[in-house]
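Structure record follows, encoded as structure tokens.
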Amino acid sequence: MQRVRVSSHQAPVHKLGDSQMTLSPKFRFAAIQSSLSDPSLELELSRRGEPLIPGLPDDIALNCLLRLPVDSHAVCRAVCKRWYLLLGSKEWFFTWRKELGFHDPWLFVFAFHKCTGKIQWQVLDLTHFSWHTIPAMPCKDKVCPHGFRCVSIPHEGALFVCGGVISDVDCPLNLVLKYEMTKNRWTVMKKMITARSFFASGVIEGMIYVAGGNNTDLFELNSAEVLDPDKGIWRPIANMGTSMASYDAAVINGKLLVTEGWFWPFYFVPRGQIYDPKTDNWESMAAGLREGWTGSSIVIYGHLFVVTEHERTKLKVYDMDTDSWETVEGPPLPEQICKPFSVNCCDCKIYVVGRNLHVAVGHIFRLNPGSTLEKKWSFAVQWQVVDAPEAFSDLTPSSAQWQSPFN
């Protein structure tokens, strides 16, 4: 196991931008004005022969500057006027990155303060292992962070936050918010048809599906709906075969898998449902799949993996042919990653964000079959730990979503 120290000096966390958000009655969000720098000024500076980097053509210099980690922008803006113009506007900065085809992955972590319950987003640059923030998603009322569901559409650089619940009155929400990386701002989308919390969510072919959860009377729901992000329209889909809140969900082979999960001690066998958008039909989950789903899931190499919460936090993988789970070779989750944790993946790596926002990066390897007669692949994992700044010591993750925009 390899450990990576982000910074020995605990550098301050910088914000991507400021916000002045308004939304009533429960939330206030900013309508952020476009802050693109004046292109005419940039053109004038270039005509006066002021290079971005002395000795380099501007196209090469721009390619270099667009690789700067976001947490260094505040300092770098002081170098010269052209750097100030380029790095002073996140909208312009990301527009240039999009034009040049940059798609460095970021991990968006929805976290809350364990004492105050205040929610916030922290972003880990997976290339530089540096942290920064995005505009706040403030809430006047105290909410339960776990009641929200967050999904991302990486190739569009879009992050969605749906539902939630107000803690004081146990009132679920039907709010839907969208964060766009290129604009560095939150916008309010059309509300869900049904207010819900602790529900399942997933993205299939660019469409956002939600199902189940708790309603305003805290009864479990069997309803489900889908959002077309381009049109901003929700429509109902077939109801689930049973009413239940969701413990975890995953999308595999174009289907949404929903499980209510195990609760310790294991008094009740968990239920599970699978939705096929092609037929608009739900079916019961296989017994081995739902009974072995004892943690947070990710899909890699077309296989469903789970970071277990009860079996020494080992990683295991589901075998569809035998309806059984197998332990992945390698060590368990590093001890520094304390529960509760949130899990996501990018390419062939698993990112597990634990309490205090320390991150375990699991490299998944496919092992060749032992013989020519054996067709089944097996897997192994190696872990490394990215330590978070001490400033995050009171933060607990509720969700983690990766973005690799502009693919």
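Got a sec? Which of Gly163, Gly157, Gly202 is buried (at least 20 other Cβ atoms within 10 Å of the Cβ) and out of contact with any Leu (no Cβ under 9 Å at 6 or more places or on another chain)?
Unique residue meeting the criteria: Gly157.
Within segment 177-186, is even one residue among the acidic types (Asp, Glu) and within 20 Å of the chain's Cα centre (by Cα)?
yes
Restricting attention to segment 136-158, report how many residues are touching an Asp or Glu at 6+ places or on another chain (Cβ under 8 Å) and in a strand (DSSP E or B).
Going through segment 136-158 one residue at a time, the tally reaches 1.
Going residue by residue through segment 297-315, is there one that turns out to be in contact with a Cys (Cβ under 6 Å, 6 or more places away or on another chain) and either closer than 30 Å to Pro389 by Cα or of a type in the set (S, T, N, Q) (or both)?
Quick first cut of segment 297-315, residues in contact with a Cys (Cβ under 6 Å, 6 or more places away or on another chain) only: 298, 300.
Then keep just the ones that are either closer than 30 Å to Pro389 by Cα or of a type in the set (S, T, N, Q) (or both); that gives 298, 300.
Scanning segment 297-315 turns up at least one residue that is in contact with a Cys (Cβ under 6 Å, 6 or more places away or on another chain) and either closer than 30 Å to Pro389 by Cα or of a type in the set (S, T, N, Q) (or both).
Across segment 77-108, what is the number of residues that are under 29 Å from Val359 (Cβ atoms) and free of Cβ contacts under 8 Å to residues at least 24 places away in the same chain?
So the answer is 2.
Just to verify a result, which residue in segment 206-242, among those that are modelled with pLDDT of 95 or more and of a type in the set (Ser, Thr, Tyr), is farthest from the chain's Cα centre (by Cα)?
Top of the filtered list is Ser223.
For segment 274-319, which residues satisfy the criterion of being touching a His at 6+ places or on another chain (Cβ under 8 Å) and of a type outside the set (Ser, Thr, Tyr)? Let's see the steps before the verdict.
Start the filter on segment 274-319 by keeping residues that are touching a His at 6+ places or on another chain (Cβ under 8 Å), which leaves 294-295, 317-318.
If the condition is that a residue be touching a His at 6+ places or on another chain (Cβ under 8 Å) and of a type outside the set (Ser, Thr, Tyr), then Gly295, Val317 are the ones that fit.
Here is a list: Asp321, Asp347. Which entry is farther than 30 Å from Trp96 by Cβ, surrounded by fewer than 21 Cβ atoms within 10 Å (Cβ to Cβ) and among the charged types (D, E, K, R)? Steps first, please.
On the way: Asp347 fails: farther than 30 Å from Trp96 by Cβ.
From the options Asp321, Asp347, the qualifying one is Asp321.
What single numbered condition from (1) without any contact (Cβ under 8 Å) to a residue 60 or more places away in the chain; (2) touching a helix residue (DSSP H, G or I) at 6+ places or on another chain (Cβ under 8 Å); (3) on the phi < 0 side of the Ramachandran plot fails to hold for Ser243?
Single failed check for Ser243: (2).
What is the number of the single condition among (1) surrounded by fewer than 17 Cβ atoms within 10 Å (Cβ to Cβ); (2) among the charged types (D, E, K, R); (3) within 30 Å of Ala224 (Cα to Cα) that Arg67 does not meet?
Answer for Arg67: the failing condition is (3).
Filter segment 324-342 down to residues that are without any contact (Cβ under 8 Å) to a residue 40 or more places away in the chain, assigned to a loop (DSSP other than H, G, I, E, B) and not charged (D, E, K, R) and give me whichever is surrounded by the most Cβ atoms within 10 Å (Cβ to Cβ).
Here is the first cut: in segment 324-342, the ones without any contact (Cβ under 8 Å) to a residue 40 or more places away in the chain are 324-325, 327, 332, 335, 338-339.
From what is left, the residues that are assigned to a loop (DSSP other than H, G, I, E, B) are 332, 335, 338-339.
Now restrict to residues that are not charged (D, E, K, R): 332, 338.
Details: Pro332: 16, Cys338: 12.
Only one residue fits best here, namely Pro332.
The values are calculated or read from the model by the stated rules, or taken from the named source; none is laboratory data. All values derive from a computational prediction rather than experimental measurement. All Cβ positions, glycine included, derive from the backbone under ideal geometry; neighbour counts span all protein chains shown.
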